[in-house]
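Some notes on the structure that comes next.
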Amino acid sequence: MTSVLEPPVLLPEDPRPIASGALRRPARTDGFWSWITSIDHKRVGIMYGVTAMTFFVIGGFEALLIRLQLASPNGRILDANAYNEVFTMHGTTMVFLVVMPLGAAFMNYLIPLQVGARDVAFPRLNALSYWLFLFGGLFLYSSVFLGGMPNGGWFGYAPNTSIVYSPGHNIDFWIGGLLITGIASTVGAVNLITTCLNMRAPGMGLFRMPVFTWMALVTQFLLLFALPVITIALFLLMFDRNFGANFFNPANGGDPVLWQHLFWLFGHPEVYIMIMPAFGIVSEVIPTFSRKPLFGYKVMVFSGIAIGFMGWGVWVHHMFAVGLGPVSITAFSISTMFIAVPTGVKIFNWIGTMWKGSLRFTSAMLFAVGLVSMFTIGGLSGVTHSVSPHDRQQTDTYYIVAHFHYVLFGGAVFGIFAGIYFWYPKVFGQLLDERLGKVHFWLWIVGFNLTFAPHHILGLQGMPRRIYTYPEGTGWDFWNMVSTVGSFIIALGLLVFFANVRRTDKRHKRDHLTVEADPWDARGLEWSTPSPVPAYNFIESPEIHAVDDWWHRKYTEDEDGRMQRLDDYDKAKASAEEHLKPGQAVHLPSPSFYPIIAAAAIFVAMFGVVYGRSAGANYAITGLGVLVLVCTLIAWALEPSTEPDDALVDADADRLLGLAPAGSAQAELGSGDGGGDQPALTSGGSSGGGAG
Amino acid sequence: MAAVAVEHGSEEVEHQAEASGHAHPPTNTGISNDKVAMWAFLGSECLLFGALISTFFLYRSRAPLGTVKPHDVYDIPFTSVSSFILLMSSLTMVLALSAFNRADSRRAMVWLSATALLGATFLGGQIYEFTVFIREGMTMKTNPASSAFYVLTGFHGTHVGIGVLMLLALVILIRKGRLTPERAETIEIAGLYWHFVDVVWVVVFTVVYLLPL
């Protein structure tokens with residue numbers, strides 16, 4: 001037996017009141033508090049997405065400030081320090097508060113659905129991850145009101161971040177914010193790895209997992225092993241700043257290059273952490289709209305795993321200019337060239353999937369093809385960095401800026417938006433307007449290339465990164481202006497997207513439109529359950545017989561390999577629309593107050609660390625936070641994951657509430673390990689470890 | 001539907017059905033979620049300590065002339081004794097699990113308390129050691145070697161401290177009847193953490209204290 005879902009049960013006639021622990025168990029299923037206490041992976045995923053999208057707007061605003069400042073020589077919009085703050089926060093926001101959490105949004109929402117589970121392995125830890133991410137972001141941005149934003153670059157190179165050169169609290173907020181989001185990602189990684197390994201539906205061997213779930217699993221392993229390295233780097237920096245340690249202090253024998261090693265040993269896997277979920281997304285989108293199976297499923301999976309391993313052996317290509325000697329530069333040049341191979345394999349497999357397919361260029365497909373083409377350009381300029389003499393020429397110029405925006409915007413962000421257009425009907429029960437979606441795509445592909453292609457030229461002309469202005473007569477004026485114009489076209493594209501969301505919502509509400517379970521005639525298991533997904537995900541445990549099992553319930557192939565609709569097609573489609581029958585219910589774990597309290601405690605404790613540097617007494621704040629955290633974790637451990645008489649989802653209630661669009665009520669969700677009883681105690685135990 | 005796929009499918013289902021016959025938890029791996037999570041977490045911890053140990057290795061002889069570095073102040077016999085105490089706590093941890101597996105809650109509580117006590121003794125030794133070193137002129141600020149020493153061993157000590165709290169919490173839970181022998185796996189998982197922290201100390205003691213400069 002694997003993690004077979006508990007079958008539906010009959011509702012008790014007289015439900016008893018909910019047992020109470022230290023805090024009354026939250027019982028609301030709608031409204032504000034239900035979101036605060038929700039542990040359902042779908043709600044957590046939506047909260048991740050909405051929060052990250054908000055940060056995307058903030059980070060985008062910062063990008064526009066940068067572009068306005070650099071539009072023409074001697075820009076006066078920002079002074080040097082403000083410019084440092086803005087580009088630091090642009091990078092930090094986009095990496096840690098936008099691309100990573102948007103990936104997390106998809107992984108949280110989709111992994112349990114794609115493996116056929118009722119929830120992730122540890123629903124409360126999942127909520128904790130989200131709240132830590134949110135509080136980490138708030139912590140970073142609280143610096144706006146508390147003396148200035150971080151200004152040392154997203155890489156925070158030593159010794160510029162030392163107390164000598166950065167005496168303010170800016171860098172302290174950077175350290176604290178990244179530590180908090182780091183805990184969030186580590187907890188999430190433990191949780192999602194366990195989910196992928198342990199909670200697959202019967203018949204779903206590892207090599208029947210959808211490619212998105214596979215890429216998510218690789219991402220989570222990268223997170224699991226990369227985050228402790230940056231955590232230590234940040235700890236060492238904190239000890240330098242707060243307690244006078246000498247890790248990165250050259251005056252006393254410390255070595256600033258150690259920071260670079262630790263940072264990039266995290267930083268390069270981080271690149272793959274950001275791009276892998278997007279690779280997974282397009283691996284779902286392209287087959288669906290090519291109406292063909294993914295070309296080379298296993299090769300796709302193995303190349304993902306290969307990238308996961310090789311991603312650990314290339315970090316020194318960020319440091320070719322440091323002067324580490326010919327041997328290490330040669331070794332890392334070669335490994336950097338090699339890592340292009342599995343990535344190239346993926347590109348060719350996507351092209352192979354589209355080859356002779358019956359292509360449908362929906363918005364989602366356009367964005368996916370956008371990733372394939374734009375990422376290829378970014379990947380090729382990446383290969384040029386592996387040639388170290390060339391890299392010596394380009395390092396710290398706008399050429400690098402061009403490269404990583406092609407892979408992270410042209411790659412990751414395009415992929416994520418492919419995913420948004422693709423799964424929006426599944427998540428919110430509304431189909432985004434295709435016409436506006438295509439306008440969005442074309443604005444972005446034009447704006448994106450206008451913004452970042454000129455950076456290649458500027459870099460080759462020698463324009464350095466991170467300069468807040470440049471004099472006249474450098475010959476950089478024209479392409480900088482083009483780039484600024486492009487950035488506003490990107491902003492316009494994003495506005496079109498938000499207008500689309502708003503219009504779609506209005507139209508669906510006005511005309512009472514609903515969306516069928518499988519509007520794209522897609523392949524993954526998540527399409528075999530109603531849109532939006534009800535609290536319990538699946539009524540009964542799906543049984544898996546093939547990769548893309550849902551597709552095989554609808555289609556088969558004739559001898560010539562042509563697609564044939566099965567006689568059962570309509571039956572399968574109808575089965576996907578089924579909800580629980582009235583009176584039936586599913587036992588789901590209960591919401592909890594503790595995740596948000598634990599996250600808030602860490603948030604408060606971190607302020608003590610920041611201000612402890614100014615006055616030792618402020619460490620009392622940290623003590624208070626830790627005390628609250630310990631008490632919370634003990635209460636958490638004692639709270640059963642599922643209240644015995646709680647969280648039975650009524651089919652009718654679910655139908656009424658669950659079909660309402662996002663932002664309004666959905667029936668309360670969340671579940672344990674989908675199979676047996678989740679011992680609440682040990683789940684708390686591992687959380688204690690995670691927090692420690 | 002491809003016939004091959006169906007065949008594979010049923011094979012797998014059978015295989016899994018077989019696995020459930022051995023009273024494994026209802027998961028794909030046959031290992032409970034909690035245990036998989038703890039192993040994953042410990043994997044992450046390896047990199048945490050790995051980064052710290054590498055840092056120490058890089059810095060262990062970096063000290064401006066005339067400043068006290070760790071190798072000048074080590075008291076190997078003292079630290080050997082406290083290391084032995086910590087290693088013995090792994091034995092008592094095993095005995096606690098074994099007792100709980102035999103449904104002997106009383107003995108389990110005794111051995112868990114003993115483990116916590118040994119851990120606390122080790123911590124006491126570490127605090128004493130730190131105060132001696134500071135008196136001999138080696139503080140966090142002295143040189144990169146001293147910084148790396150205090151952060152690495154302090155980080156390990158914090159892990160021991162969290163472990164002691166966890167063990168005490170388990171004792172209280174058993175006492176209050178909230179943790180019963182059917183869920184002996186909880187003790188096993190706490191034990192995984194405890195043994196891991198012990199193993200890390202074996203590495204730290206070797207690398208930090210015993211390896212000559």
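Out of A:Val282, A:Val327, one residue alone is among the aliphatic types (A, V, I, L, M), surrounded by 23 or more Cβ atoms within 10 Å (Cβ to Cβ) and assigned to a helix (DSSP H, G or I). It is A:Val282.
Determine if segment A:12-20 includes at least one residue that is on the phi > 0 side of the Ramachandran plot and either under 17 Å from the mean Cα position of the chain (by Cα) or at pLDDT below 95 (or both). No, segment A:12-20 has no match at all. Only residues that are under 16 Å from A:Leu294 (Cβ atoms), within 9 Å of chain B (Cβ to nearest Cβ) and open to solvent by 30 Å² or more (accessible area, probe 1.4 Å) were counted in segment A:529-559, giving 3. When the residues of segment B:162-194 are narrowed to those that are of a type outside the set (Lys, Arg) and open to solvent by 60 Å² or more (accessible area, probe 1.4 Å), which ends up nearest to the other protein chains (Cβ to nearest Cβ)? Among those that are of a type outside the set (Lys, Arg) and open to solvent by 60 Å² or more (accessible area, probe 1.4 Å), it is B:Leu165. One residue stands out among those in segment B:89-114 that are open to solvent by 40 Å² or more (accessible area, probe 1.4 Å) and of a type in the set (Ser, Thr, Tyr): the one that is farthest from B:Val164 (Cα to Cα), which is B:Ser98. State which residue is farthest from the other protein chains (Cβ to nearest Cβ) when the search covers only segment B:45-68 and only residues that are of a type in the set (Gly, Ala, Ser) and surrounded by fewer than 21 Cβ atoms within 10 Å (Cβ to Cβ). Ranking the candidates gives B:Gly66 first.
Selection of segment A:227-247 for residues being in contact with a Ser or Thr (Cβ under 8 Å, 6 or more places away or on another chain), facing chain B (nearest Cβ under 9 Å) and open to solvent by less than 10 Å² (accessible area, probe 1.4 Å) yields A:Leu227, A:Pro228, A:Ile232, A:Leu236, A:Ala245, A:Asn246, A:Phe247.
Of all residues assigned to segment A:507-526, none qualifies as being within 14 Å of another protein chain (Cβ to nearest Cβ), in a helix (DSSP H, G or I) and free of Cβ contacts under 8 Å to residues at least 40 places away in the same chain. Of the residues A:Gly267, A:Gly254, the single one that is more than 17 Å from A:Ser166 (Cβ to Cβ) and either buried (at least 24 other Cβ atoms within 10 Å of the Cβ) or outside the structural domain of A:Tyr611 (by TED's automatic domain parsing) (or both) is A:Gly267. Against the conditions (1) assigned to a helix (DSSP H, G or I); (2) surrounded by fewer than 18 Cβ atoms within 10 Å (Cβ to Cβ); (3) within 14 Å of another protein chain (Cβ to nearest Cβ), A:Asn618 satisfies every one except (3). Show the residue pairs meeting these rules: Cβ distance below 6 Å; 6+ apart or different chains; first residue within segment A:142-160 and more than 13 Å from A:Asn84 (Cβ to Cβ); second residue of a type outside the set (A, V, I, L, M, F, W, C) and open to solvent by less than 60 Å² (accessible area, probe 1.4 Å). Going by the 6 Å Cβ cut-off, the qualifying pairs are A:Gly147/A:Gly168; A:Gly147/A:His169; A:Ala158/A:Pro256; A:Pro159/A:Pro256. Look at segment A:482-503: where a residue is in contact (Cβ under 8 Å) with a residue 24 or more places away in the chain and assigned by TED's automatic domain parsing to the domain that holds A:Gly429 and a partner is polar (S, T, N, Q) and open to solvent by 20 Å² or more (accessible area, probe 1.4 Å), sitting 6+ places away or on another chain with Cβ atoms under 8 Å, you get A:Gly486/A:Asn449.
Can you tell me which residue among A:Thr219, A:Thr194 is within 20 Å of A:Met100 (Cβ to Cβ) and more than 9 Å from every other protein chain (Cβ to nearest Cβ)? Please lay out each step first, then the result.
Working: A:Thr194 fails: more than 9 Å from every other protein chain (Cβ to nearest Cβ).
The conditions single out A:Thr219.
B:Phe155 meets each of the listed conditions (1) within 13 Å of chain A (Cβ to nearest Cβ); (2) surrounded by 19 or more Cβ atoms within 10 Å (Cβ to Cβ); (3) not polar (S, T, N, Q) apart from (2).
Residue by residue through segment A:418-475, note down the ones that are closer than 28 Å to A:Lys509 by Cα and not in a helix (DSSP H, G or I). Answer for segment A:418-475, where residues must be closer than 28 Å to A:Lys509 by Cα and not in a helix (DSSP H, G or I): A:Gly429, A:Gln430, A:Leu431, A:Leu432, A:Asp433. Of all residues in segment B:110-149, those that are at the interface with another protein chain (Cβ under 10 Å from one of its Cβ atoms) and in contact with a Ser or Thr (Cβ under 8 Å, 6 or more places away or on another chain) total 8. For segment A:173-213, filtered to residues that are open to solvent by less than 10 Å² (accessible area, probe 1.4 Å) and touching a Lys or Arg at 6+ places or on another chain (Cβ under 8 Å), the residue that is nearest to A:Met94 (Cα to Cα) is A:Ile175. Please tell me if A:Ile275 is under 30 Å from A:Leu324 (Cβ atoms) and away from every other protein chain (no Cβ under 14 Å). Judged against the criteria, A:Ile275 is a match.
The values are calculated or read from the model by the stated rules, or taken from the named source; none is laboratory data. Because the structure is predicted, anything quoted here is derived from the model rather than measured. With ideal geometry, Cβ positions are generated from the backbone for all residues, glycine too; neighbour counts draw on all protein chains shown. Surface areas here come from the heavy atoms of the whole protein model, side chains and all, with no ligands, DNA or RNA. Shrake-Rupley method; radii C 1.70, N 1.55, O 1.52, S 1.80 Å.
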